[in-house]
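Shown next, in structure tokens, is the structure this report addresses.
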Ligand SMILES: O=C(O)CCC(=O)C(=O)O
């Protein structure tokens with residue numbers, strides 16, 4: 001996707017990637033390569049990563065991908081049927097949050113980080129419509145590290161929309177996206193650099 005493909009026309013209004021029932025806006029790279037690489041290193045070494053546990057069809061699974069959960073306060077968040085307690089933001093993560101907010105205009109109070117050490121780790125189809133999140137609120141996903149494909153699938157029609165998330169790029173999902181669309185980060189056999197996604201969220205508390 002080139003820079004001009006992101007906009008509907010000359011008024012710089014971002015294109016909604018979803019044809020119906022939701023809104024997803026790709027802002028492209030909001031961090032330069034050196035800054036994104038610096039934040040990637042900091043995230044990998046300084047965030048408290050642990051394997052995610054989730055209940056899928058009543059069975060508990062442990063994911064290869066690791067997660068880390070931060071918020072304005074040490075609040076609980078129920079995600080994939082499992083309740084996690086947030087840690088309070090380190091300074092650099094709060095700094096990144098401010099950069100994301102200034103690019104999209106949405107304000108976030110929490111962040112779920114995902115750490116994929118290679119292309120063999122991914123995220124299966126899911127939606128983030130948990131009751132702990134503000135209904136129809138925004139989720140801002142910042143990519144640090146290896147570029148990966150990201151896909152949406154409509155829950156009723158099965159329509160798919162895919163894009164590549166570049167190093168330092170921001171994707172915003174909002175409106176009724178989580179109610180109507182699933183999203184995934186497919187695994188790949190390609191040799192991909194480690195990747196962290198910081199998914200900034202609006203939690204009710
Ligand atoms: O790693 C990504 O970009 C996807 C993260 C995501 O969508 C989620 O945490 O629900």
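Would you confirm whether any residue within segment 95-106 is modelled with pLDDT of 95 or more and within 11 Å of the ligand (Cβ to nearest atom)? Scanning segment 95-106 turns up no residue that is modelled with pLDDT of 95 or more and within 11 Å of the ligand (Cβ to nearest atom). All of (1) in contact (Cβ under 8 Å) with a residue 24 or more places away in the chain; (2) within 16 Å of the ligand (Cβ to nearest atom) hold for residue 84 with one exception: (1).
Taken over segment 177-204, the criterion of being under 20 Å from residue 98 (Cα atoms) and either surrounded by fewer than 16 Cβ atoms within 10 Å (Cβ to Cβ) or touching a helix residue (DSSP H, G or I) at 6+ places or on another chain (Cβ under 7 Å) (or both) is satisfied by 196, 198, 200, 204. Taken together, the residues in segment 66-89 that are exposed (fewer than 15 other Cβ atoms within 10 Å of the Cβ) and outside any strand (DSSP E or B) amount to 3.
The listed residues are 102, 110, 117, and the only one of them that is without any contact (Cβ under 8 Å) to a residue 12 or more places away in the chain and either surrounded by 21 or more Cβ atoms within 10 Å (Cβ to Cβ) or out of contact with any helix residue (DSSP H, G or I) (no Cβ under 6 Å at 6 or more places or on another chain) (or both) turns out to be 102.
Listed here are the residues, each with its yes/no results for (1) surrounded by 15 or more Cβ atoms within 10 Å (Cβ to Cβ); (2) within 11 Å of the ligand (Cβ to nearest atom).
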{"residue": "127", "(1), (2)": "yes, yes"}
{"residue": "136", "(1), (2)": "yes, no"}
{"residue": "139", "(1), (2)": "yes, yes"}
{"residue": "143", "(1), (2)": "yes, yes"}
{"residue": "150", "(1), (2)": "yes, yes"}
{"residue": "159", "(1), (2)": "no, no"}
{"residue": "162", "(1), (2)": "no, no"}
{"residue": "166", "(1), (2)": "yes, no"}
{"residue": "175", "(1), (2)": "yes, no"}
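The values are calculated or read from the model by the stated rules, or taken from the named source; none is laboratory data. Here the structure is a predicted model, which is why all the values come from computation and not from measurement. FYI the Cβ positions are ideal-geometry reconstructions off the backbone, even for glycines, and counts take in every protein chain you see.
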